[in-house]
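Colleague: Mind having a look at this structure? Questions to follow.
Computed from the coordinates by the stated procedures, all read-outs in this text should not be read as laboratory data. All figures in this text were calculated on a predicted structure; none of them were measured in a lab. For neighbour counting, all protein chains shown are included, and Cβ atoms are generated from backbone atoms with ideal geometry for every residue, glycine included.
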Amino acid sequence: MAQAAPTPGRRPGTPVPRTSAVPGAPASRTPSTPYTPDIFDERTHTVTRWVLPMLLGLVYGYWAAANNRSGGPITGWNVLFGFGTAIVFAALYLAVQAVAPRLRRERHALLWAAFAGCAFGFLYQQAGHTVVRSTLMALGIAAGVFAVAFYRYYTHEDAAGRRVG
């Protein structure tokens, strides 16, 4: 049988109080639902909420421009296309990020799936594939994203969309 190591200031055999060792964690947590501490402050989360879409947009814009030029020379129009694509991607990402949490889990997952499918389909089409093939590939990606997102929201939210656990 495993024994707990003695801690300073507590006599062996006395019961351990049912309080949380993590500041800010609810005291009624059971061992089966551990508390995950938030190691970043609110300012870090706010900065990340704005910086991440911009960085992803730049990567997406560069990728779209590279697909569009098909290995040819970089031109001014190609650079403009890349930055335009980056701005549109970042704006749509921010819009989905703002709207999606307000939706129920089915629509929440569907919105992220539609965004991912459209983003992938656009990149795939820029590589020179037909619209039909790009659409079919985008639908496959969207179905996968929907399955993963729905599973995550189904296991982490109740039916009203409130986080549990």
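Colleague: Got a sec? Which residues in region 103-122 would a label at L136 touch, if it sits 7 Å along Cα→Cβ and we count backbone N under 20 Å?
Modeller: 117-122
Colleague: Then there's this: Of all trypsin sites (Lys or Arg not before Pro) in region 121-165, which ones are in loop regions per DSSP and have a Cβ with at most 11 other Cβ atoms within 10 Å?
Modeller: Those that pass, being in a loop and sparsely packed, are R162.
Colleague: Kirkwood hydrodynamic radius for region 48-128: how many Å is it when counted over pairs of different Cα atoms?
Modeller: Computed over region 48-128, the radius equals 13.3 Å.
Colleague: Principal axis lengths of region 104-157 from Cα atoms, whole Å, largest first?
Modeller: For region 104-157, the Cα extents along the three principal axes come out at 40, 12, 12 Å.
Colleague: Evaluated at 10 °C with a viscosity of 1.306 mPa s, what Stokes-Einstein diffusion coefficient in µm²/s does region 76-165 have when Rh comes from the Kirkwood expression over alpha-carbon pairs?
Modeller: 111 µm²/s
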